[in-house]
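Down below is the structure, laid out as structure tokens.
The values are calculated or read from the model by the stated rules, or taken from the named source; none is laboratory data. Quantities reported herein were computed from a predicted structural model and do not represent experimental measurements. All Cβ positions, glycine included, derive from the backbone under ideal geometry; neighbour counts span all protein chains shown. Note: areas computed on protein heavy atoms with side chains; ligands, DNA, RNA excluded. Shrake-Rupley method; radii C 1.70, N 1.55, O 1.52, S 1.80 Å.
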Amino acid sequence: MSEHERNLIHLPESLKKLTLNKDLSKHLKRGHLWIFATNIQESQLPFGIYSLEYKNETLGVGIFQPNSQLRFRILFLNDIWYFKKNNLKKSLEIHCQFCIERALQIRKGFDLNKTNSFRLINGEGDGLPGLIIDIYNDTAVIKHDQPEMEKVWHHQNLARTLLKNLPQLRNVYLKRKNDTKEKGQIIYGTLPEEVIFLENSVQFSANIKDGSKTGFFLDQRDNRNLIKSFAKNASVLNLFSYTGGFSLFAAAGGASSITSVDIAASAIQAVERNFSLNGFKNKQINLAQDAFEFIQISLQNKMEYDMVITDPPSFAPNEKVKPQAISAYTKVFSDSIRLVKNNGFFAASSCSSHISHAELLEIIKESLAKTKRKASVLYCGGQPVDHPFPIGMEELRYLKFYFLRMD
Ligand code: SAH
């Protein structure tokens, strides 16, 4: 195929066109792959794959979501060569295979004897909008950020590519949202009650079917390792602990005691299970309790810890509630800071994509000011290498993590 042919985009005749009401080619070239409702006239068309046009020029091909403010998600700009005439299905298959193989190249740095859990596909960051694939030892979990995406990413094709490329796989599971009637579907193999996997040599059990997200928060891996290196002999409080990711790494680092607090009883049972899996003997207190209530009681009792980790659920699910979210983060962080001893450590994290890294830093400064305490930043981090985001899409750089030493 000549260079010229490679640069041509041949659209299948059946592929319908969508017209932009504004020239967004610059925006697309700068790597932002989403188009919002204000820039696309059509709203009556069904969900599906369309070519994107502006003044009779094809800019690319992508997914149209009629009921969403995020109206169009680019799959390929007009420089992709394998998108051939009348062959949408085949082209998508090739694209999927290409992206999965490329994603694997990035993840091959994980030593499976130590870390056999990782995110293989992180949506747009790996070229496959709306698609998440997480690997837990021998089990792959596929999840879509919108139910309609099942129509774009065919799970049988995905499973075939996964099984071909990851010899350790025995099971492939499609996970739907926890509140849907059919929570998920086994695509290949079985789904064990619990899947045991390794993260940096620490063992975890995940309940894939009923747990949050795909079963575990793989995105905090690097930050947990940091906690491990500062935990020696420390009394550690892990607020919003979920299944104890940070708690287990504090234990591995030699913490003298670890208190884990989460409102979900199932999460706290999983903390206990994870401690026993690893045989850690550190003192542990596991509480199925509202963390806000726990904080207030601890403040009244003048409790203090060497290290406090506060990783709440997203307080800002949308842009509208951002002001309330900023107040809520400031309150929970300042109250958490009051529980840290002088010279102790405080870890603050936020997974809300509507709060930027700079905004979180401001929130932390304000939280410190409220307590009249000072601190130094030892580390500011975010998501690890298996959670990439396209350079032009800052909103997909959602995870923020600050590690402070209190003065
Ligand atoms: N740090 C965790 C992930 C935290 S996710 C990890 O590394 O795995 C947020 C957690 O907050 C969820 O487990 C959820 O059950 C819990 N949560 C939500 N509201 C809460 C509340 N009011 N009090 C305590 N926990 C809460």
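Structure notes:
- When F98, F110 are checked against the criterion of being assigned to a loop (DSSP other than H, G, I, E, B), aromatic (F, W, Y) and open to solvent by 10 Å² or more (accessible area, probe 1.4 Å), F110 stands alone in meeting it.
- Members of segment 383-407 found to be surrounded by fewer than 19 Cβ atoms within 10 Å (Cβ to Cβ) and free of Cβ contacts under 8 Å to residues at least 60 places away in the same chain, listed by number: E394, E395, R397
- Selected residue [in contact (Cβ under 8 Å) with a residue 12 or more places away in the chain, assigned to a strand (DSSP E or B) and more than 9 Å from the ligand (Cβ to nearest atom)] from Q296, Q284: Q284
- Being within 25 Å of the chain's Cα centre (by Cα), within 12 Å of the ligand (Cβ to nearest atom) and either modelled with pLDDT of 95 or more or not in a helix (DSSP H, G or I) (or both) is a property that does not hold for V308.
- Any chance Y173 is among the aromatic types (F, W, Y), assigned by TED's automatic domain parsing to the domain that holds Q269 and either surrounded by 20 or more Cβ atoms within 10 Å (Cβ to Cβ) or not in a strand (DSSP E or B) (or both): no
- Filtered residues of segment 190-220 (kept if touching a Leu at 6+ places or on another chain (Cβ under 8 Å), in a loop (DSSP other than H, G, I, E, B) and not hydrophobic (A, V, I, L, M, F, W, C)): K209
- Evaluation of F36 against the conditions (1) among the aromatic types (F, W, Y); (2) surrounded by 15 or more Cβ atoms within 10 Å (Cβ to Cβ); (3) at pLDDT 90 or above shows that the sole unmet condition is (2).
- Only residues that are part of a loop (DSSP other than H, G, I, E, B) and more than 22 Å from the chain's Cα centre (by Cα) were counted across segment 221-263, and they come to 8.
Each row is one residue, and each column tells you yes or no for (1) surrounded by fewer than 18 Cβ atoms within 10 Å (Cβ to Cβ); (2) assigned by TED's automatic domain parsing to the domain that holds V172; (3) within 12 Å of the ligand (Cβ to nearest atom); (4) touching a residue at least 12 places away in the same chain (Cβ under 8 Å).
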site	(1), (2), (3), (4)
G189	yes, yes, no, yes
E193	yes, yes, no, yes
S205	no, no, no, yes
I208	no, no, no, yes
S212	yes, no, yes, yes
R221	no, no, yes, yes
L226	no, no, no, yes
N233	yes, no, no, yes
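- Within segment 253-267, the residues that satisfy the criterion of being within 14 Å of the ligand (Cβ to nearest atom) and open to solvent by 10 Å² or more (accessible area, probe 1.4 Å) are D262, I263, A264, A265, S266.
Here is a yes/no grid of residues against (1) at pLDDT below 90; (2) open to solvent by 50 Å² or more (accessible area, probe 1.4 Å); (3) over 24 Å from G125 (Cα atoms):
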residue	(1), (2), (3)
P12	yes, no, yes
I63	no, no, no
R71	no, no, no
I74	no, no, no
K85	yes, yes, yes
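- Qualifying residue in segment 347-365 (condition: among the basic types (K, R), within 25 Å of the chain's Cα centre (by Cα) and assigned by TED's automatic domain parsing to the domain that holds N223): no
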